[in-house]
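Just below is one structure, and these are the notes that go with it.
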Amino acid sequence: MLARGFALRPTVVNRWDFVAVPLIFGVLVLTVYGLRGMDVPLGAVERSAISLDRAELPLYALYTTLRMFAAMLASLVFTLTYGALAAKSRRAEMILVPVLDILQSVPILGFLSFTVVFFLSLFPGRAIGAECAAVFAIFTSQAWNMAFSFYQSLRTLPDDLQEVSSSFRLSGWQRFWRLEVPFAMPGLVWNMMMSMSGGWFFVVAAETISVGAHHAMLPGLGSYVATAIAARDLAGVGWALATMLVVIVLYDQLMFRPLAVWAEKFRFEQTAGYAAPESWSLRMLRTSRVVAVLRRPAGRWLRAFATARWLVPRRRNAATMISPRTLDWAFSALLALVCVASAGLTIRFVATELDVREVVRVFGLGFLTLIRVVVLIALASVVWVPIGIWVGLRPTWTRWVQPIAQFLAAFPANLLFPLAVVAIVRFHASPGIWLSPLMVLGTQWYILFNVIAGASAFPSDLRDAATNMHVRGWNWWRRVIVPGVFPYYVTGGITASGGSWNASIVSETVSWGDTHLTAAGLGSYIAAATDAGDYPRIVLGIAVMSVFVTVFNRLVWRPMYAYAERRLRIL
Amino acid sequence: MSYVLDETILDLKGVSKVFPTPGGQPRTVLENVELTLKSREIVGLLGRSGSGKSTLLRIIAGLGEASGGDVEYRGAPVDGPADGIAMVFQTFALFPWLTVLQNVELGLEAQGVPPRERRERALKAIDLIGLDGFESAYPKELSGGMRQRIGFARALVTRPNLLLLDEPFSALDVLTAETLRTDFLDLWCEGRMPIKAVLIVTHNIEEAVLMCDRILVFSSNPGRVVAEVRVDLPYPRNRQDPAFRALVDTLYARMTSGSEAPRPGVFPGTGIGMVLPAISTNLLSGLIEAIAAPPFKGKADLPDVARSLQQTDIIPIAETLQLLRFADLAEGDIRLTPAGQQFAVAELEHRKEMFRQHLLFYVPLAAHIRRVLDDRPGHRAPTSRFQDELEDYMGEDDARQTLRAIVSWGRYAEAFALDQEAGVFSLEDPR
């Protein structure tokens, strides 16, 4: 029955309250505790105060998690402003969108060396500078796709809702919170989840910052693992892995799942009728009486905030802003000038120490890494597409496998790299070949869970029709199911290949104690340059990798995506 | 405050709207529209789709700007969405993430009405429109009819003087539409809604006669008021009433008047620049068969055949048949030509053959495409070539629609084939 939500029921505690109240206050206390521990003198961090004591692990996990959430908050603020600006101002759009497109494909780990120097000088002598650098590194791994999704949602707002909003004269502010943000919400939440998954990988890498002369070990799971690796403490690595596992499960249950379920209500399709996912924590927040009591004033406040009459649209004659062509030209010319100037600056900077031969060599290394990426993505596809389809067509299996695949995608695979070193040394294998699989260790799951999603969304009437016409065997794969899941596969493939390029920076050079293994490639080139604080080489390496990623996306993934959108999207 | 019984709510003088086209030749959508709306009046804008009546409604709502002329609401020029004008949308335009109550409150939020009063007024509007008990439901949990009730409640809650209805019932099934329409008229006649006047856009002739005090018939290309029909029947109006029937017949005649074919103005543009309606060949043969069959036997009253086919928007189909010379239209009647009679009884292959001959002979664009394909050595031509050519005469959307229409007719007639993937017309389908 349709309950009348605003009818006041007597406020009595129910059983959910006994879960909700301790949980909420626990989270609050932990946050305060964690934040207090972060503002310490830099010296304390630089002297490598990471203890391998297992009892410290929960605390380290807390620090790591807080960094993640700080970065997510920053990404969210960035998304809402950047995306809105790009969607609303035509001129801003001309710069912001291409910039975003490039930023999306730039190897994030390469950024680290620049931002560390910047943030350390911003807060001289305080660990907060290093914290900011780490958070910023995570931010750069999260923000772009979120901003892009928000921008695209704003560009596809339904006409009729826009008309209603104008005809009621919603203020710009009201429109933003009542129409634009809600409409963008499902896409935004999905991208937030993707970003968080990617983020764990980078938080682990970003906690041990060492650029040239700067070394900082921020207390956290990542530096714990780094210390354990240096000390060849296999059990320590194991304990850290277990802690990570717990953290990700908690994060999934307490944040990821309830958010996803909650975002369902913003879906624009006006049809009901498919089973919504479940989340116990959201049910708790919705059912708990204590939460309801706390929520009422918060809800009122939020609503007042969202419906404030700021940025009231001007009357038409006051707002006749004509954008003359000449101004556009001037703007474009200025833009071109800035681009040429910065390209020139970059080239000059790189050319101070490096010559053409070095550039050619780096492109050669780029091809080595490219081959690795292509071969491994192909291998991962051959393995995971059939498995994903098989699982996706069986709802009971999907229910079990899908969360596991998502979990594996979120799990920072770089924590496992040392194990590979141990194995390679033991079997005297070639690092050039056997380090490569590490690149897709964490990213292959994107392919798997996207294919599962595609196969489970495959319309049952099409399946029935295929069965009815006795389409079987190879023909069934070729004509029925592969085209059906292809759009999903491409989405997964894009994410996986982008992630693999990034991962190459940490996976082509791996250590265990004082055993260092290196595979020749662009990733290890950038890693070595970062270690040595050799800025011209870092810039060159990143630039070349960006070129590779961008060109690869344009020539391979983009056309595949366009094809899938045009021909294979099942409505 | 002085109270005038027949206050002028809306006054339009010489309103026109011109859209630029990519081809450079501006397209006039509305030309010199005059309209005065007094209080206690329901006025209908009746016309085929594409006659600019929705554009006009949006200009009045302040959502679009007129290219020329004056739009005055209660003596003041409309220069943006005005207080006191509310609109109900064909697509309902509800916010799926807001509950029924929140949707209804939205307009009041925008006006800065304090929460308590907002809630009270919204509940009252919900009550009035018959949505009691559904306040906390989300739109997607409700049926189409219920959703449009939210649309009405949302418009009424702001206490508008003028209510604009943009084909409010056309997305609903026949029965639901009837119920909602009757409920609306009940409330109107009893004076239970705060509104002073209603302007409704529709393509459904019977709906116009059921609801309106006055009906303005729009021609298309460009949109112009060609007739004004006053409806003096008392509410509730009865469809079986001979006076009602007579009015419906008159309106059908007005909308199809001047039947010497091909007459200018049925489809905007001439020659290959004619904007064609995307009417499927199924509908075309369906109408031919219906007219050929008893009780019509080759000649039918448009309203009658519309009712028997449950098709509210039959005029474009009839006009396409006329364009292809399978039928003649005159004074609200449709009569099959000898070719149409023959088509009705023919086998599929023969039908296709006839359709092909008529298509190539009477539709200049089809002949043009065919000629280009015949001339080219490979008998292939990209669709973009024709899209560009059409855009010299019409807007991008119209060009796309025209191309879609000609493709579907050409495919049925096997006059030419299209490789959608490559975007290329050719003479032969791959076998």
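Of everything listed in (1) closer than 21 Å to residue B:152 by Cα; (2) facing another protein chain (nearest Cβ under 9 Å); (3) out of contact with any Ser or Thr (no Cβ under 8 Å at 6 or more places or on another chain), the single unmet condition for residue B:81 is (3).
For the stretch B:111-127: of the residues being assigned to a loop (DSSP other than H, G, I, E, B) and not β-branched (Val, Ile, Thr), which is nearest to the other protein chains (Cβ to nearest Cβ)? The qualifying residue nearest to the other protein chains (Cβ to nearest Cβ) is B:112.
For the stretch B:72-91, a residue qualifies if it is under 23 Å from the mean Cα position of the chain (by Cα) and within 11 Å of residue B:155 (Cα to Cα), and the qualifying residues are B:85, B:86, B:87, B:88, B:89.
Sub-8 Å Cβ pairs linking a first residue in the stretch A:392-406 that is free of Cβ contacts under 8 Å to residues at least 60 places away in the same chain to a second residue that is surrounded by 12 or more Cβ atoms within 10 Å (Cβ to Cβ) and among the aromatic types (Phe, Trp, Tyr), at least 6 apart or interchain, are A:397/A:390; A:402/A:449; A:405/A:445; A:405/A:449, ordered by first then second residue. With respect to (1) in a helix (DSSP H, G or I); (2) under 23 Å from residue A:375 (Cβ atoms), the lone exception for residue A:461 is condition (2). Scanning the stretch B:137-156 for residues that are part of a helix (DSSP H, G or I) and within 11 Å of chain A (Cβ to nearest Cβ) yields B:139, B:140, B:141, B:144, B:147, B:151, B:154, B:155. Among the residues making up the stretch A:171-185, those that are touching a Phe, Trp or Tyr at 6+ places or on another chain (Cβ under 9 Å) and within 10 Å of another protein chain (Cβ to nearest Cβ) are A:171, A:174, A:178, A:179, A:181, A:182, A:183, A:185. Consider the stretch B:330-386 and keep the residues that are among the basic types (Lys, Arg) and not in a loop (DSSP other than H, G, I, E, B). The one that is nearest to residue B:402 (Cα to Cα) is B:385. Residue count for the stretch B:387-431 satisfying the condition of being assigned to a strand (DSSP E or B) and within 14 Å of another protein chain (Cβ to nearest Cβ): 1. Residues in the stretch B:27-47 include at least one that is in a loop (DSSP other than H, G, I, E, B) and within 18 Å of the chain's Cα centre (by Cα). The helices (runs of 4 or more DSSP H) falling completely within the stretch A:116-234 that include 1 or more residues that are within 17 Å of the chain's Cα centre (by Cα) map to A:127-155, A:181-206.
Against the definition (farther than 30 Å from residue A:509 by Cβ, part of a loop (DSSP other than H, G, I, E, B) and aliphatic (A, V, I, L, M)), how does residue A:471 come out, yes or no? When the stated conditions are applied, residue A:471 passes them.
Of all residues being touching a residue at least 24 places away in the same chain (Cβ under 8 Å) and among the polar types (S, T, N, Q) in the stretch A:125-170, which is farthest from the other protein chains (Cβ to nearest Cβ)? Just the residue, please. Restricting to residues being touching a residue at least 24 places away in the same chain (Cβ under 8 Å) and among the polar types (S, T, N, Q), the top hit is A:140. Consider residue A:533 carefully, then state whether it is over 13 Å from residue A:362 (Cβ atoms), surrounded by fewer than 19 Cβ atoms within 10 Å (Cβ to Cβ) and touching a strand residue (DSSP E or B) at 6+ places or on another chain (Cβ under 7 Å). So residue A:533 passes the test. Given the criteria in a helix (DSSP H, G or I), in contact with a Pro (Cβ under 6 Å, 6 or more places away or on another chain), touching a residue at least 24 places away in the same chain (Cβ under 8 Å) and small (Gly, Ala, Ser), does residue A:564 qualify? The answer is yes for residue A:564. Residue A:92 meets the stated requirement of being without any contact (Cβ under 8 Å) to a residue 12 or more places away in the chain and surrounded by fewer than 22 Cβ atoms within 10 Å (Cβ to Cβ). Evaluation of residue B:130 against the conditions (1) in contact (Cβ under 8 Å) with a residue 40 or more places away in the chain; (2) assigned to a loop (DSSP other than H, G, I, E, B); (3) more than 14 Å from chain A (Cβ to nearest Cβ); (4) buried (at least 24 other Cβ atoms within 10 Å of the Cβ) shows that the sole unmet condition is (4).
Selection within the stretch B:95-110: residues that are touching a residue at least 12 places away in the same chain (Cβ under 8 Å) and more than 8 Å from chain A (Cβ to nearest Cβ). The member of this set that is surrounded by the fewest Cβ atoms within 10 Å (Cβ to Cβ) is B:108. Of A:361, A:372, A:314, all but one fail to be surrounded by 10 or more Cβ atoms within 10 Å (Cβ to Cβ) and modelled with pLDDT under 85; the exception is A:314. Kindly indicate whether any position in the stretch B:13-34 is touching a residue at least 12 places away in the same chain (Cβ under 8 Å) and under 25 Å from residue B:185 (Cα atoms). Looking through the stretch B:13-34, none of the residues is touching a residue at least 12 places away in the same chain (Cβ under 8 Å) and under 25 Å from residue B:185 (Cα atoms). Residues that are buried (at least 18 other Cβ atoms within 10 Å of the Cβ) and either modelled with pLDDT of 85 or more or under 30 Å from residue A:526 (Cα atoms) (or both) occur in the stretch A:424-434; there is at least one. The set of residues in the stretch B:265-301 that are touching a Leu at 6+ places or on another chain (Cβ under 8 Å), buried (at least 16 other Cβ atoms within 10 Å of the Cβ) and not aromatic (Phe, Trp, Tyr) comprises B:266, B:272, B:273, B:274, B:276, B:284, B:287, B:288, B:290, B:291, B:292, B:298. The number of residues in the stretch A:459-481 being touching a residue at least 60 places away in the same chain (Cβ under 8 Å) and surrounded by 18 or more Cβ atoms within 10 Å (Cβ to Cβ) comes to 1. Scanning the stretch A:50-80 for residues that are in contact (Cβ under 8 Å) with a residue 40 or more places away in the chain, under 22 Å from residue A:29 (Cβ atoms) and small (Gly, Ala, Ser) gives A:61, A:70, A:71.
The values are calculated or read from the model by the stated rules, or taken from the named source; none is laboratory data. Worth saying up front: this structure is predicted, and the values here are computed from it rather than measured. Note: ideal-geometry Cβ built from the backbone for every residue, glycine included; neighbour counts use all protein chains shown.
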